[in-house]
Amino acid sequence: MQQPVIQIFRLLRIDRRSRKSRYTYYMPRLVAGIGSIILFLAVLALSVFGVETPVNVPVRTVGSYQIGAFENGLSFFEGTRGQFYSFSPFNDYFVYPDGSRNAFIPKEEVDAKTYTSDYAKNRPQRIMAAVSSFLSPMEPSISFTPADAPYRYTYTAEVSGNKAVITRTTVSTTGPLSGRAIGLTFSYRETSFVYSPGGSLFTFQSETDAARFTQVFGIPLQTSYGNLRPRVAGNIVIVTNTLTSGTIVLVAGPQQRMFINRNTRMVEVESSVPPDATKLDNQLEVYVFNTPADALAAVGSLRARP
Amino acid sequence: MRNLPLLSLLNDFNAAAAALLFYLGPLFLGRAVYIGYTAAIARTKRIPVIRHHLASVPFLPFTWFVFGSLVLFISALVSRYLLLPFAGNAGFIDVWQVMLGLLFAGAAAVNCIVYPILPVSRLFRFSGVLAGVSVLSFLGYSVWQHFSPYPFNWDLYHHQTLVQTILSGRYSFVTSQVTDTFIFNGYSSLFHTLLACAQLPFRPEVFPFWHWVSFLHLITTVLASYYIAREITGNRLIGVISALTGAFIFESIVVFTSFFLIPQTFTSVLFAFAVTQLLAFRNRTQTPALRILIPTAMFLLISHYVMGTVAIAILAGIYLYYRYHNRVLPYLKQLWVWEAALLCIIAALLVSALLPLGFINEGEGAAYTFTLVDKFGYMVRVYGYLLLLFVPIGIVRIVHQRKEPALVVLLSGLAIFSLVLTQLPYIIKYYVLARYLIHTILAIGVYALLSYIPYTKARIGAVGVYGIGLIMILANNTLVWQNFMWYRGYTAQVSEYEIEAAAFLKKVYSGTNTLIISDPGTQHILEPLSGLNSQGGAYMNIDSRRALHQFHTATGEAELREALVQVKDTVEPEPDTRLIIVSGRYMVWQNSSLVNKENISYNVWFPHDLTYTDRLKLSTFYARPDLFQQVYANPALVIFKLKQ
């Protein structure tokens, strides 16, 4: 037992040949020293703990837009313009063999807030997230666990330049995932023009609005009011918001099916659920361009992707 | 890992040289002037000049800087008001350049004759301190600028506008007479004269220059933090703790002491050095020299009238305390004196909340009136709980030890701090002066806990941990401040599109009598970057604001033209060309309420590109080719020329 104590004394350069007794002179100093270090560190930690923390860290920029985690999922937004485009488990859904569909987290559960998510990080985590964002670019990410289903949904954005790959990972903790298909949704605002590269307008704008759009950007749009959930041929859709500067292009993979749900104002991307799968990754590529013309010019190269 | 923007700026020689000249020019000139000044005094007292010059005043370089700055300012005033009327066709800059040439040539001669500058041992010691302080400053500035290539100092634009106006030949003691971007004469043109003098030979790019000069300013604030704490306590480690605090604590609201170079922060650094010098006189058992204090007081006053007045009051208080020490000290030992001081603070807090002071600096002043709860929120953002936890420990330590310089600083610091707590418009600005004193008390508090650690290396290690804690606070503070400013991959108040547009304006319209017309934010950014004139920049007057509002809603050709012609610059009322700049900022500003548009404190602080709705509005310009001619366009803005 004595050896470590002596080593500490040596470390502290305490002279053993001192005239005073080790225990009456050195021990109080040692205890005071260690005590004051602990007290100092505690006060310092408390001081740092008190600092105001930023919200939605990390935020990454994708062209003129930013993407960050919010209470309802991952959202694209542009500065303080108040226009949000969300990927959320409140909208994403399973499609069952009988054709019915269920939201990952149904409205009742959202209203009752019985689900859990890692959005509300505790203060030390928020402080460390802010510090970490200086050391390396972090990707926005958020996970949800519903109260009544054995699933966990994680949304992650991998950003490079004007492109973000949104990956949603669905994990079942008890057995295979239910449903024959699974839907990833992108909710858009009523201020948006959603159209295909060929100029088919999916949103309910008037002929006058479409003509104005053509006048401003030189891109002709054909309105249509029939089908409430049209399928998007080519799996590419362009979104131009009247209140933001950037134009968003969504590109789904060849194995996916893209629809525009005009009722709920959502782009829905469906993928099949393999039998017996307990974990499934679904991806959607999102690009941001300065203008619709830039977006259209780039569509050719986006289409060529496998 | 991102490239640090600061590193890329090191390549800009002109900017670095000009920024260094801002500090070294007055130092060089001031040393010569001070030697001459001292020689004149020494002649009357029969003291050898050099010995007297080197030994009698602590922190001499500070005094040189004050003297040099004053002489530069006087030289500009003499050139403008005495020599220019007799200079024929020569402009102000021509006359001032000749005068500067003569002054610096004379200074070079004097500085060469009176040598050495400082004893070698002191130079070595100072170099070590400077190197350490520079490293800390670089770390702090790198954290603050990590996400942005552009400086965040919103005020730099209108200061740069004034500097450019001086360099184009218009000069006055009164800032508002030089350019209408200044509507409130809170300071003389001393600060801008020094900047103009630094930019005159190098003509640097705006952003690299302001990065460099802000970085050097940070170094001076950290140096001031180190020296004031070391001088008060005689303890280098407390100096280091204070320097760490100075490097990594940034008051990101109203105060802006360390990372932004503006007249109030410039004044505060010199105040901190003045306090240090005053205490150093006392520590060396010398009588503080009035021949030094009076020019310093003059300097502080003209560099910022309000801040300078409070700074002078504090300096005068310290001076009088030392002068009449024996008479004052018995009172300070009386409990009732302290009770009365405490009651005064409480009364000031209560009365200030009740006084109807909204009329003071109406608009902006009202926007910067904060309650105690607001101030607590800002304190938490800037310091975490550092002030709450370490300052009381520091106060207890100071009161317990009863060392005179620390007690003086405690009283001065708390006096300004209690002023800051009152609910008066803009009062929080005074923290720019209190900061150095409060940080010293904080450093004493930190050291109070560390002093019980018997092992020196462990103590130094603990100081290192303290530095890491401060960096964590700064990282959070930085993100809280900048997180809503993301724009195309970085955080900023200015966009590359705006910089490109300014370059276009400079290239095509430089040297012409052109007025740019846009929202206050766009004008504020483009005026200094392009060198063209605007009506008031961000401080556009109420008539212009109303005219611009009318322009947005006007439909007829005559109405549109009339609205634009009503925007009249007070210095250059009849421009040859009017350029209307429709930017994303402009559209956000135009779409806000009339109350906001008329409010001087309302600005669109960060860049916005043009949206679809904005472009729809632009089509009304294109529909009138007889009135508007597009001369430039990019995704953030379109510039139209108003046809005659």
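The values are calculated or read from the model by the stated rules, or taken from the named source; none is laboratory data. Remember, predicted model here, so these are calculated numbers, not experimental data. With ideal geometry, Cβ positions are generated from the backbone for all residues, glycine too; neighbour counts draw on all protein chains shown. These accessible areas exclude ligands, DNA and RNA; they are computed on the full protein's heavy atoms, side chains included. Shrake-Rupley method; radii C 1.70, N 1.55, O 1.52, S 1.80 Å.
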Legend entry - Percent accessible area from carbon and sulfur atoms, chain B, protein chains only, probe 1.4 Å: 65
Legend entry - Estimated FRET transfer efficiency when R0 is 51 angstrom, pair A:GLN215-A:ASP111 (beta carbons, to 0.05): 0.75
Legend entry - Approximate spin-label separation A:SER100-A:PHE84, in nm, with each point projected 7 Å along Cα-to-Cβ: 3.0
Legend entry - Distance between region B:15-35 and region B:372-438 - C-alpha centres, whole angstrom: 33
Inset, instruction - From other protein chains only, count the Cβ atoms within 10 Å of every residue's Cβ in A:244-250, then give the mean. - result: 3
Legend entry - Ranked by how many other beta carbons lie within 10 Å on average, peptides B:567-573, B:405-411 from highest: B:405-411, B:567-573
Legend entry - log₁₀ of I(q)/I(0) at q = 0.05 Å⁻¹ - chain B, Debye sum with one point per alpha carbon: -0.25
Legend entry - Peptides B:25-32, B:286-293 ordered by average Cβ neighbours within 10 Å, highest first: B:25-32, B:286-293
Legend entry - For B:GLN630, distant residues with modelled amide H under 5 Å away: B:LYS641
Legend entry - Spin-label pair B:SER451/B:PHE126, simplified geometry with 7 Å Cα→Cβ offset, distance in nm: 3.0
Legend entry - In Hz, Karplus ³J(HN,Hα) per residue of region B:345-352 (6.51, -1.76, 1.60; θ = phi - 60°; x = Gly, Pro): 5, 4, 4, 4, 4, 5, 5, 4
Legend entry - Intensity falloff of region A:236-306 expressed as log10 I(q)/I(0), Debye formula with alpha-carbon point scatterers, at q = 0.22 Å⁻¹: -1.04
Legend entry - Candidate residues B:ASP519, B:ASP12, B:ASP576, A:ASP148: accessible-area rank, largest first, probe 1.4 Å: A:ASP148, B:ASP576, B:ASP12, B:ASP519
Inset, instruction - Just tell me how shielded B:468-474 is by partners: mean number of partner chain Cβ atoms within 10 Å of each residue's Cβ, no decimals. - result: 5
Inset, instruction - Would you kindly derive the ³J(HN,Hα) couplings of region B:72-80 from the backbone phi angles with the Karplus curve 6.51 cos²θ - 1.76 cosθ + 1.60 (θ = phi - 60°), listing them in order in whole Hz, with x for Gly and Pro? - result: 4, 5, 4, 4, 5, 5, 5, 4, 6
Inset, instruction - Quick one: of B:LYS375/B:LYS403; B:LYS568/B:LYS641; B:LYS568/B:LYS597, which pairs are farther than 20 Å apart, Cα to Cα? - result: B:LYS375/B:LYS403
Legend entry - Over 37 Å [Cα-Cα, chain A], rounded percent: 33
Inset, instruction - Under 1.5 on a/c is rounded, so check that first for the protein assembly as shown, then, if it is not, pick prolate when a/b is larger than b/c and oblate when it is not; a ≥ b ≥ c are the square roots of the alpha carbon gyration tensor eigenvalues. - result: oblate
Inset, instruction - Taking the Cα atoms of region B:572-611, report the difference between the largest and smallest coordinate on each principal axis, in whole Å and largest first. - result: 30, 24, 15
Legend entry - Per-residue SASA entry for B:LYS457, accessible area with 1.4 Å probe, Å² rounded to 10: 130
Inset, instruction - Tell me which residues come under 5 Å, amide H to amide H, from B:ASN533 once H is placed; ignore anything under 5 positions away on its chain. - result: B:THR514, B:ILE516
Legend entry - Per residue accessible area of the protein assembly as shown, 1.4 Å probe, in Å²: 41
Inset, instruction - For region B:323-468, calculate the relative contact order in percent as a whole number, restricting contacts to Cα pairs under 8 Å that are 6 or more residues apart. - result: 28
Inset, instruction - Would you list the P(r) distribution for region B:512-627, with all Cα-Cα distances sorted into 10 Å bins from 0 and each bin expressed as a whole %? - result: 14, 49, 35, 2
Inset, instruction - May I ask you to evaluate 6.51 cos²θ - 1.76 cosθ + 1.60, the Karplus curve with θ = phi - 60°, for each residue of region A:281-295 and list the ³J(HN,Hα) values in order in whole Hz, giving x for glycine and proline? - result: 9, 10, 10, 9, 8, 10, 10, 10, 10, 5, 9, x, 5, 4, 5
Inset, instruction - For region B:399-442, count the residues as N, evaluate 2.2 N^0.38 Å, and divide the Cα radius of gyration by that value, please. - result: 1.22
Inset, instruction - Determine, from the Cβ-Cβ distance of B:ASN283 and B:THR577 and an R0 of 60 Å, the FRET efficiency 1/(1 + (r/R0)^6), rounded to the nearest 0.05. - result: 0.45
Legend entry - Value of [θ]222 nm, deg cm²/dmol, for chain A, DSSP H segments ≥ 4, -39500 (n - 2.57) each, nearest 500: -7500 deg cm²/dmol
Inset, instruction - Specify whether the C-alpha gyration tensor of region B:208-325 places it in the rounded, prolate or oblate class, a ≥ b ≥ c being the square roots of the eigenvalues: rounded for a/c under 1.5, otherwise prolate if a/b is larger than b/c and oblate if not. - result: oblate
Inset, instruction - May I ask which of A:LYS121/A:LYS279; A:LYS121/B:LYS429; B:LYS507/B:LYS643 have a Cα-Cα span longer than 31 Å here? - result: A:LYS121/B:LYS429
Legend entry - Max mean-square fluctuation residue, GNM over chain A, Cα-Cα springs under 10 Å, options A:SER200, A:SER136, A:SER192: A:SER136
Legend entry - Solvent-accessible ranking of A:THR80, B:THR276, largest area first, probe 1.4 Å: A:THR80, B:THR276
Legend entry - Interface size B-A, as summed buried accessible area [1.4 Å probe, Å², nearest 100]: 4400
Legend entry - Projected-area average for region A:198-284 over all orientations - Cα convex hull basis, square nanometres: 7.0
Inset, instruction - Give me a single rounded figure for B:315-321: the average over its residues of other chain Cβ atoms within 10 Å of their Cβ. - result: 0
Legend entry - C-alpha center-to-center spacing [region B:139-210, region B:490-509] in angstrom: 17
Legend entry - Protection-proxy order for peptides A:290-300, A:204-214, each taking the mean of Cβ atoms within 10 Å per residue, highest first: A:290-300, A:204-214
Inset, instruction - Could I have the simple spin-label model distance between B:TYR324 and B:CYS112, label points 7 Å from Cα toward Cβ, reported in nm to one decimal? - result: 5.1
Legend entry - Accessible-area composition of region A:30-130, carbon plus sulfur, in percent [1.4 Å probe]: 62
Inset, instruction - Grab the beta carbon distance between B:GLN177 and B:ALA341, set R0 = 51 Å, and tell me the FRET efficiency rounded to 0.05. - result: 0.75
Inset, instruction - Pull out a ≥ b ≥ c, the square roots of the eigenvalues of the alpha-carbon gyration tensor of region B:377-465, then state rounded if a/c is under 1.5, prolate if not and a/b is larger than b/c, and oblate in the remaining case. - result: oblate
